[in-house]
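What follows is one structure encoded as structure tokens, with my remarks underneath.
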Amino acid sequence: MQSASLPNSTTSTASATMFYHWKDFRCTYEIHQPKNAQAAGIPILLIHPIGVGLSRLFWRRFCTEWYNTNHGNIIYSPDLLGCGESDNPRKAYTPIDWAEQLQHFLQIVVKTPVIVISQGGLLPVTIELVKLEPNLIKGLVLSGPTSWAVITKNANKSRQRILWNIFDSPIGNAFFRYARTRNFLQSFSIKRLFAESKNVDDEWLNTLIGDAKNMTGRYAVFAFLAKFWQRDYSSDLAGIQKPTFVVFGNKSSAISKEGKNETADDNLIKYLHCLPQAQGTKIKGRNVLPYESTVDFVGAISPFIRGLETGS
């Protein structure tokens, strides 16, 4: 995705790709800030989703709209290990791997409390990060988090190992080559991610295709598909003592069969009931709200973030 560029904006700027080291790996990130104004407010840390061709660039539309609506927060947008321009080791990634990476990032790069905004199935990473580094987190925004039936279910460990062994084989290699084609990405996005097929545009597809040229990016995707992230997180969610804002799309749907019968209302009610300091809402869209419904997403979370900054 090195050749991809941010949308034109007169109000925001993104740094060139920046680097830091965690353990033996080189990791990448970029910093966004208002172009013609002084940065203000609590910094934001973005956690991108895992999937074929997905990386920190998932958030570029959000960053542009954030500054177009006169916000001044510095935004930190890292590539998780195995994604984007970060190193792509061959390993079965778990949420704690990425949480420890982000903890290190907060400690050596950001060095001040942030508001975390995470997308979709990366909720377990957010949960683990809060447990590891609560003093550097002011609040959370959960965009289209995993359906309640899935986030409260323990995965079958034998099935996880079987799936990983299949993926980590010539069969998996062949599948990834197919999954990174334009036809597959367009079809999957229409069926599973977007509320409106017209929103699966060239910008979305070209960005995914560009990143997926790197075959070593398949390991993070396969670890996610093998559900190494899944266990019952209900008690962890109930223990989060941070203000949290939950946003679901009105047409949200579960990717896996476990949550297919849960509606956006069902999920939102259950999250708000479990989280100790939670607010939430629904907006138009499906499962990639910061990209498909950028204006509505920014409008929905802005009062919550202003409230964190003013203490109201």
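The values are calculated or read from the model by the stated rules, or taken from the named source; none is laboratory data. Since this is a predicted model, take the numbers as computed values, not measurements. Methodologically, a virtual Cβ is constructed for each residue, glycine included, from the backbone with ideal geometry; neighbour enumeration extends over all protein chains shown. The accessibility values were calculated without ligands, DNA or RNA, using every heavy atom of the protein model including side chains. Shrake-Rupley method; radii C 1.70, N 1.55, O 1.52, S 1.80 Å.
A few comments on the model shown:
- The distance between label points at K91 and Q38 comes to 4.2 nm (points 7 Å beyond Cα on the Cα→Cβ vector).
- Segment N135-S234, length gained on full extension (0.36 nm per residue, minus Cα span): 33.5 nm
- Translational diffusion of region 41-143, µm² s⁻¹ [Kirkwood Rh, Cα pairs; Stokes-Einstein; 20 °C; 1.002 mPa s]: 154 µm²/s
- Residues in region 223-257 that a label on T263 would reach, taking backbone N under 19 Å of a point 7 Å out along Cα→Cβ: 247-255
- Accessible area per residue, Å², region 11-94 with all protein chains present, probe 1.4 Å: 36 Å²
- Average accessible surface for region 128-208: 53 Å² per residue, computed with a 1.4 Å probe over protein heavy atoms with every protein chain in place.
- Phi to ³J(HN,Hα) by Karplus 6.51 cos²θ - 1.76 cosθ + 1.60 over region 237-248, Hz, x for Gly, Pro: 4, 5, x, 6, 9, 9, x, 9, 10, 10, 10, 10
- Rg/Rh ratio calculated on Cα atoms of region 178-286 (Kirkwood radius): 1.02
- In Å, descending, principal axis extents of the Cα set of the chain: 52, 43, 42
- The simple spin-label model puts a point 7 Å past each Cα toward its Cβ; for T310 and K251 those points are separated by 3.4 nm.
- Near K157: Cβ cut-off under 11 Å, other residues only, Lys/Arg at +1 and Asp/Glu at -1. The net charge is +4.
- Inter-label distance, I162 to T112: 5.1 nm, where each label sits 7 Å from its Cα along the C-beta direction.
- Computed from backbone phi with θ = phi - 60° and the Karplus coefficients 6.51, -1.76 and 1.60, the 3J(HN,Hα) list for region 212-224 is 6, 4, 7, 5, 5, x, 6, 5, 5, 5, 5, 4, 5 Hz; x is used for glycine and proline.
- What a 1.4 Å probe finds exposed on region 266-312 is 51% carbon and sulfur by accessible area, rounded to a whole percent.
- Listed residue (Y67, W229, G172) projecting farthest to the positive dipole end of the chain, Cβ model: G172
- Report summary: the helix-based calculation at 222 nm, which adds -39500 (n - 2.57) for every DSSP H run with n ≥ 4 and divides by the residues of the chain, gives -10500 deg cm²/dmol.
- Förster radius 25 Å - calculated FRET efficiency between I171 and K23 (Cβ-Cβ, nearest 0.05): 0.25
- Of the solvent-accessible surface of region 173-233, computed with a 1.4 Å probe over protein heavy atoms with every protein chain present, carbon and sulfur atoms account for 52 percent.
- Of all DSSP beta bridges confined to the chain, the antiparallel ones make up roughly 35%.
- Whether region 145-237 is rounded, prolate or oblate, judged on the alpha carbon gyration tensor where a/c under 1.5 counts as rounded: oblate
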